[in-house]
1. Please tell me if Leu144 is modelled with pLDDT of 95 or more and either assigned to a loop (DSSP other than H, G, I, E, B) or of a type in the set (Ser, Thr, Tyr) (or both).
2. Restricting attention to helices (runs of 4 or more DSSP H) lying wholly within the range 41-122, give those where 2 or more residues are open to solvent by 20 Å² or more (accessible area, probe 1.4 Å).
3. Could you check, for the range 21-40, whether at least one of its residues is closer than 20 Å to Asn152 by Cα and open to solvent by 10 Å² or more (accessible area, probe 1.4 Å)?
4. Is the range 43-54 home to any residue that is touching a residue at least 60 places away in the same chain (Cβ under 8 Å) and either at positive phi or of a type in the set (D, E, K, R) (or both)?
5. Yes or no: the range 138-148 includes at least one residue that is touching a strand residue (DSSP E or B) at 6+ places or on another chain (Cβ under 7 Å) and touching a residue at least 12 places away in the same chain (Cβ under 8 Å).
6. Report, by residue number, each residue of the range 98-120 that is free of Cβ contacts under 8 Å to residues at least 24 places away in the same chain and polar (S, T, N, Q).
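The values are calculated or read from the model by the stated rules, or taken from the named source; none is laboratory data. Small disclaimer: the values here were computed from a predicted structure and weren't measured. Cβ: placed from backbone, ideal geometry, glycine included. Neighbour counts: every protein chain shown. Only protein heavy atoms, including side chains, enter the accessible area calculation; ligands, DNA and RNA are left aside. Shrake-Rupley method; radii C 1.70, N 1.55, O 1.52, S 1.80 Å.
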Amino acid sequence: MAYHSPLRYPGGKGLLLTFVRKVVRRCTPPINTYIEPFAGGAAVAIGLLQAQDVEAAVIGDADPAIAAFWRAALNSPEKLAERIAECDVTIDTWHEQHDILSQGPTGDDLALGFAAFFLNRTNYSGVLRARPIGGLKQEGPWSLDCRFNKHNLLRRLNTVAGLAGRIVVYEGDAVALLKSIDTYAQEPFFIYADPPYLTKSTDLYMDTMTYASHQDLACALQRSNNRWMVSYDADDRVPGELYPEARILRFGLRHSAGRAHRGQELMAFSPNCPVGTATAQLRGAQWLDQSDST
């Protein structure tokens, strides 16, 4: 399936879409609502909705700028598209949008959302608070607009706008979101959490989680009756401390933050998550405990 998120995001989790689709489609009863507490580019949510694998999605993000972008893309798609079509992709515009992002939320989702979008498409690795591609003096090997194909991006935004009635945007803490959805026990949810890395997350995310926050997330997921999966960088604390009772899969994934490379990641699953043969979609997938994970 084509990648349809308008945003670039560190980690490239859109590459996991085929795997997540296979797991979701194995669930019985069928999943109605997909929950992504750390949405970022929300590529998995968009893919599941487009494929009709789920009826609705809740995408959450603690970064007000990313949440503002998604609200603008869903609630004011024509105005956002107009700004994108008419903007000059220059270093002067970069400075303007950088200043808007630095001011933080003002109640204007369109302004903050566009700033987040512009910086995501023009900064190194898509990191909002990084430096511009090509540098401030534009002396690098790549120009500022090398990731800003307006025709392609407007097409992706149009795809998102077509899903507006099926997506809910949640701005705030992931644990609070998980606790709120667990009050609807009759609804078959599927949760995919992709929190900031345990290591080097300050380079990638505005809202870096403390280790205590990672522990709170692990507790919230493991207390949930819903099916869930959570992905992490390959850190011994994941199986050793955070998810000691969970089934954990190690696999390879291409990363785009900094210099592109293939890294090792871990994914933990709820006991009722029907992974099965979907692991064939992941490069070098291996269960840490070598257990049968049906």
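1. Yes: the conditions hold for Leu144.
2. Details: elements: 43-50, 64-75, 77-86, 91-103, 109-122.
Correct list: 64-75, 77-86, 91-103, 109-122.
3. Applying the first criterion (closer than 20 Å to Asn152 by Cα) to the range 21-40 yields 40.
Still in the running and open to solvent by 10 Å² or more (accessible area, probe 1.4 Å): none.
No.
4. Our first condition is that a residue be touching a residue at least 60 places away in the same chain (Cβ under 8 Å); within the range 43-54, this holds for 44-46, 49-50, 54.
Still in the running and either at positive phi or of a type in the set (D, E, K, R) (or both): none.
Scanning the range 43-54, I find no residue that is touching a residue at least 60 places away in the same chain (Cβ under 8 Å) and either at positive phi or of a type in the set (D, E, K, R) (or both), so the answer is no.
5. Step one: filter the range 138-148 for residues touching a strand residue (DSSP E or B) at 6+ places or on another chain (Cβ under 7 Å), giving 144.
When the remaining residues are screened for being touching a residue at least 12 places away in the same chain (Cβ under 8 Å), the result is 144.
Yes, because at least one residue in the range 138-148 is touching a strand residue (DSSP E or B) at 6+ places or on another chain (Cβ under 7 Å) and touching a residue at least 12 places away in the same chain (Cβ under 8 Å).
6. Scanning the range 98-120 gives Ser102, Gln103, Thr106.
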